[in-house]
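Report on the structure given below.
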Amino acid sequence: RQDKTLCDLDPRDPIKSTRRLPKTAALRLFKDGVRRGLYSDTSENGFPRRIWAVDGEGIVFEAKLDNPDQGTYHGYPLASKQRNLIDRISCLWENDD
């Protein structure tokens with residue numbers, strides 16, 4: 001689809017992906033990631049460079065700082081090749097429940 005973004009991809013099957021992650025849901029996820037302390041130690045203008053979150057289906061997302069002056073981010077599911085990071089974030093997320 002022309003309007004498809006990385007947030008819409010399901011890393012379990014990116015070709016057949018039909019899931020959608022509305023912006024409001026993404027904001028809730030990443031706010032929860034911050035609350036749980038799942039953000040990078042490095043920051044710019046007081047904003048962490050990366051924030052991680054796990055959705056209800058166990059998919060790990062990463063938000064990357066776009067604009068440190070405005071504190072805007074773009075998010076996407078982590079690719080399966082990042083298995084070590086996915087496992088680490090998933091474990092931390094589950095242990096915070």
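Every read-out reported here was derived from the displayed coordinates using simple, explicitly stated rules and does not represent laboratory data. All of these numbers come straight from a predicted model, not from anything done at the bench. Neighbour counts run over all protein chains shown; Cβ positions are idealised from the backbone, glycine included.
Can you tell which of L29, L21, L85, L92 is part of a loop (DSSP other than H, G, I, E, B), in contact (Cβ under 8 Å) with a residue 24 or more places away in the chain and surrounded by 13 or more Cβ atoms within 10 Å (Cβ to Cβ)? Before the answer, list the steps.
Details: L29 fails: part of a loop (DSSP other than H, G, I, E, B); L85 fails: part of a loop (DSSP other than H, G, I, E, B); L92 fails: part of a loop (DSSP other than H, G, I, E, B).
Matching residue, one of L29, L21, L85, L92: L21.
Summed over segment 61-74, the residues that are within 13 Å of the chain's Cα centre (by Cα) and over 13 Å from Y39 (Cα atoms) give a count of 1. If you filter segment 48-71 down to residues that are assigned to a strand (DSSP E or B) and charged (D, E, K, R), you find that the one that is farthest from S90 (Cα to Cα) is D66.
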